[in-house]
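See structure below.
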Amino acid sequence: MNRAFSRKKDKTWMHTPEALSKHYIPYNAKFLGSTEVEQPKGTEVVRDAVRKLKFARHIKKSEGQKIPKVELQISIYGVKILEPKTKEVQHNCQLHRISFCADDKTDKRIFTFICKDSESNKHLCYVFDSEKCAEEITLTIGQAFNLAYRKFLESGGKDVETRKQIAGLQKRIQDLETENMELKNKVQDLENQLRITQQLPWISTTATEKKAGSVSPKSPSTDIFDMIPFSPTSHQSSVPTPNGTQPPPVPSRSTEIKRDLFGAEPFDPFNCGAGDFPPDIQSKLDEMQEGFKMGLTLEGTVFCLDPLDSRC
């Protein structure tokens, strides 16, 4: 496992970028299992894990149990481990979580990779037995990591899954805005009905006065304090103040800033900055950035694609 491997010296990959970007590369292998390791990298770390799992498989083989066969599907979206017949996904290892990958030069059938578990955040070492393709599978994972990191940088950190989440949030926002508009229309209808109801007593009084033949204008009635009763339908501009001046006009509703029922301005998802992502999406982006920056150590060589680091 300690053979030096330089991707700078050998830039020829085994597959076309389209094969890993638009499809996946399948491989058949036997799955010895996975075990927790203390470090995300290291030849000795995977060597101890291989010894541990080989010993466990030797015991199971003596009991009549066979090593299960699996299908590996490698793409820029990760390494999937499936049951070959039913195609049921047993493990889905995202590339930014894979930190170390190697094939055993003392046993050319064995290859491993270390991946950080998405739920427990523990580092797990996965060990496989492939009779002919161990080294090729290792290189394919390295190429997929290379392409995935470049895609991550080119897209500004917004991977395909994150774009789907953002699109879902935008759809939810549009639905809420539509619901908000419907509620505002209902409130407006209720206000109109209330205004008509409050105007009815005044209309009835005016009709009675006309029927009685009253032609002279009547001054508005006053209460016991000689004050004109308040009416929500009366126009403030038509009632002079005690000093003879007119009250200021009521501002029109059309000049007000459009706000929702809770007093907030409508949210525009297309003006959303990078720092305005919801916490779950932002944490996902931060995790991917951290994982890709750690790089993938392939047989002792780190795949580092950060253009700011001239050493890689």
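List of remarks:
- Taken as a whole, the condition of being more than 40 Å from the chain's Cα centre (by Cα) and open to solvent by 90 Å² or more (accessible area, probe 1.4 Å) does not apply to residue 44.
- The C-beta contact set for region 80-99 (first residue within 22 Å of residue 142 (Cα to Cα), second residue assigned to a loop (DSSP other than H, G, I, E, B), distance under 6 angstrom, 6+ apart or interchain) comprises 99/40; 99/41.
- Restricted to region 113-136, and to residues there that are surrounded by 22 or more Cβ atoms within 10 Å (Cβ to Cβ) and touching a Ser or Thr at 6+ places or on another chain (Cβ under 9 Å), the residue that is farthest from residue 25 (Cα to Cα) is 125.
The values are calculated or read from the model by the stated rules, or taken from the named source; none is laboratory data. Just so it is clear, the structure is predicted and the values come from calculations on it, not from any experiment. Positions of Cβ are generated from backbone atoms using ideal geometry, with glycine treated the same way; all protein chains shown enter the neighbour counts. When the accessible area is computed, the model is the full protein with side chains, heavy atoms only, and any ligands, DNA or RNA have been set aside. Shrake-Rupley method; radii C 1.70, N 1.55, O 1.52, S 1.80 Å.
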